[in-house]
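Structure record follows, encoded as structure tokens.
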């Protein structure tokens, strides 16, 4: 128990513990495979290891760090583990982690330009770098939000502002019902955003998909005409490049034509797959995204930048400004011609999130980033090849990026037997500690998702996942589900 | 120029640069007063020092760090500087910075429980600790968002869901116009949230204030009755404890009575002042906040936790769940009785933001945190006393927390002369490099804000700010404004 004086942690103590933690983190990252990927704790186990109340007197860092290792760490699912393949990779990298450390130390809140000019300007410069890396034209201006959900919410808020300007003052209650179009494959954050914006569940209309689960532009066209005839106000269409479930690609170019004809906002969700646009051979999947009004992609997914770093690009920052700008006197700063982050979104406060991305892009360089992305695509092809060559396994296609969707499919099994078997296989693999997979449903049937993209994943890890799947399949007997 | 192999930064390089950055950060924090508080750069100056495109090949950390120091750092406004008194203190502390470093290294995304059980459970435990520290009853459940703006948005989304349930499916377009009540002193994020929720500018109704700029409960009552008679649907009232402009306190207890009578959601904005509730002698300002449906307070403001850490407490987590829950198949995890953070808000992804707060609360302990808060209140009283004792200066009252609102007020000056003089004084002080202040307007007149609460601020810094103000006042000649 220690008395703490105003002024905070003494410099010597900070230095000592900083060095100890650097050593711990370096060892952790170097040897993350010693941990099971998926935390092997029961609900409530972590809580039970912690005190019920905050300590009355300060505690030594030694005790805090000891509890971090003995209580917190066993409850961590290791997103850094090369066998973490359940969700789209969210693996940081050395320069990104060090960038976060500097961000925490500087601790600026870049709500207005003068509150830290470098935070505002470095964000603009770095997002221009990223834009160029991705082959997007100069018209796009970027901002960083914490998550793609929030970025998408901002894009659709701007779309609502443009499509229903009468709601700005009077609200939606006297406006025609607005509509946002997306396929059933679209990420759940789109429905959340539409609901949050006051458009209700009816505010999102599901557009049918064609082969490969991409949006059918003709169905979009029909839906829009139908809604206009019914007195609804079409606002936006969300096209996804790389859906979460199976990495389907909506035909953005054709969708853009329909959107343009009817004056709809086109939002492209490339939260996961976006970085692949940096590879010339993958560019065809992104055809037409340069016509979008807004694009979201997450460097904290497949660009080795620690969470959170979601980039929203918009063609017309004025649209975000119209939706969110509102300046109180105590934030009037007098600077003309500079960007104030607070005018571009719901949040007033802004972490200096660009610093880590800037460090990642400089450390790896464009070629280095392309090499890692290409490596991951190669690993996915490797796994796809193993699945395709195996009896009693099948693979969902197309899956053009680094997600492999597969299932065990023994001959003669009914659909429900197959579903049960695959969930059993997944649970067995996940309990094994060397790989962590997730599942999805396609046409009501279970498939397993193996998401490659972790910066630490190498060929042996993909082969280990495949071995674990086969081993589990051999042990999970086919049986009828309980009901 | 370096070739980067897949796998990321080699462990030895991470270790080397981690140690170098710890030394740099320790030195920076120890000697932050060597920098001017407010960045002395022109708009565009930081950008001009950076390359136009991302490097093609990777660069050595040495070059990156060199540019951080020579290009980025001069553009940083130093929120750590003890003379930073412009906005409510957002000063981190040693244990908080180290907590952020561990968070970045673990890099978990706690969207569902199993994605890192410890991240979900540590958040619940730590926010229970904080709740107890603040004297709030056990009924409140907490979640962490990035900013108070986002927390408030969530609270008002839950209020809309409760007050306009018919909008859940059909949207607001056939619902009666909803209304949220707040005073003109309320933070701009409330208006932003109301607008984002589809309620329009008319969705917020300004309620008159009484003495000290607190909300007049009788005026609230009249406004609600008036709106009901006009066919509007009252949804929520926002009461603030410590407004941004002058730290006014709305009478929460009386407002709670009115809200309860009409079934309104009561949201309490204590984003800045909340931590003061931990001091028994300050508890009177918080009377009635235990009746709120939701409360926001920011440990990243006055609780020495690096940005971003905004806590939203709600009495009924089911209300957030109703507004935001929506689970796609690939996120169905099967666990019963555990919390999934994604169900409690717009964002699917979640940084492990609780770790730093847990480390701060353990390191300082409840007594240590109370000592620092008490120290800051004492510094504010010291400055208030200096202002009150000085000829030609006046102070806005009441200001019960750690913000001092003051102005130079020489006899015989007109209101516009006084405004011009005070803006001149502020600009002169800010350009001096030892203090950074902001201004606000009260009844259209300029006042200066001196916000104490930085963990590094000691008596000599407050005296230095006061000396700088007096010096500036002596040099800024009264003159008519240009128009």
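Key figures
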quantity: Rounded if a/c under 1.5, otherwise prolate or oblate - the protein assembly as shown, Cα gyration tensor axes; calculated: prolate
quantity: Mean shadow area of segment B:272-315 over all directions, Cα convex hull, nm²; calculated: 3.1
quantity: Space enclosed by the convex hull of the alpha-carbon atoms of segment B:1-141, per residue, Å³; calculated: 190
quantity: Residues residue A:382 and residue B:34, FRET efficiency given R0 of 56 Å [Cβ-Cβ distance, rounded to 0.05]; calculated: 0.55
quantity: Rounded to 5, the percent of DSSP beta bridges in segment B:202-311 classed as antiparallel; calculated: 25
quantity: Cβ-based exposure ranking for A:181, A:87, in which fewest neighbours within 10 Å come first; calculated: A:87, A:181
quantity: Position residue A:42, label points 7 Å along Cα→Cβ, spacing to each other copy in nm (shortest first, one decimal); calculated: 6.8
quantity: Separation between Cα centres of segment B:396-470 and segment A:386-426, rounded to whole Å; calculated: 68
quantity: Extension reserve of the residue A:443-residue A:261 stretch, reckoned as 0.36 nm per residue once the Cα distance is removed; calculated: 62.3 nm
quantity: Förster radius 35 Å - calculated FRET efficiency between residue A:458 and residue A:13, Cβ distance, rounded to 0.05; calculated: 0.35
quantity: For segment A:98-361: Kirkwood Rh in Å [reciprocal of mean 1/r, alpha carbons]; calculated: 18.8
quantity: Burial ordering of A:30, A:59, fewest other beta-carbon atoms within 10 Å first; calculated: A:30, A:59
quantity: Residue A:168/residue A:316 FRET efficiency (R0 22 Å; Cβ-Cβ; nearest 0.05); calculated: 0.85
quantity: Distance-filtered residues of segment B:450-474 - backbone nitrogen under 15 Å, label point 7 angstrom along residue B:392 Cα→Cβ; calculated: B:467-474
quantity: Spin-label model distance (nm) - residue A:201 vs residue B:222, 7 Å beyond Cα toward Cβ; calculated: 4.3
quantity: Between segment B:72-93 and segment A:38-78, the Cα center-to-center distance that results, in Å; calculated: 31
quantity: Rounded to 5, percent antiparallel among DSSP beta bridges of the protein assembly as shown; calculated: 60
quantity: Distance histogram in 5 Å bins (all Cα pairs of segment A:226-292, percent per bin); calculated: 4, 18, 26, 21, 14, 10, 5, 3, 1
quantity: Chain A: antiparallel DSSP beta bridges as a percent of all, rounded to 5; calculated: 60
quantity: Size-normalised alpha-carbon gyration radius of chain A, reference 2.2 N^0.38 Å; calculated: 1.05
quantity: Distances in nm from residue B:262 to the matching label points in the other copies, shortest first (labels 7 Å along Cα to Cβ); calculated: 3.9
quantity: Exposure proxy ranking, count of Cβ atoms within 10 Å, fewest first, for A:207, B:476, A:169; calculated: A:169, B:476, A:207
quantity: Gained length - residue A:467 relative to residue A:45, 0.36 nm times residue gap less alpha-carbon distance; calculated: 148.8 nm
quantity: Descending semi-axes in Å of segment A:367-475, equivalent ellipsoid built from Cα gyration tensor; calculated: 25, 15, 12
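A short reminder: the numbers here are calculations on the coordinates, not readings from a lab. In this text, all values refer to a predicted model and were calculated from it rather than measured experimentally. Cβ sites come from the backbone with ideal geometry, for glycine too, and all protein chains shown count toward neighbours.
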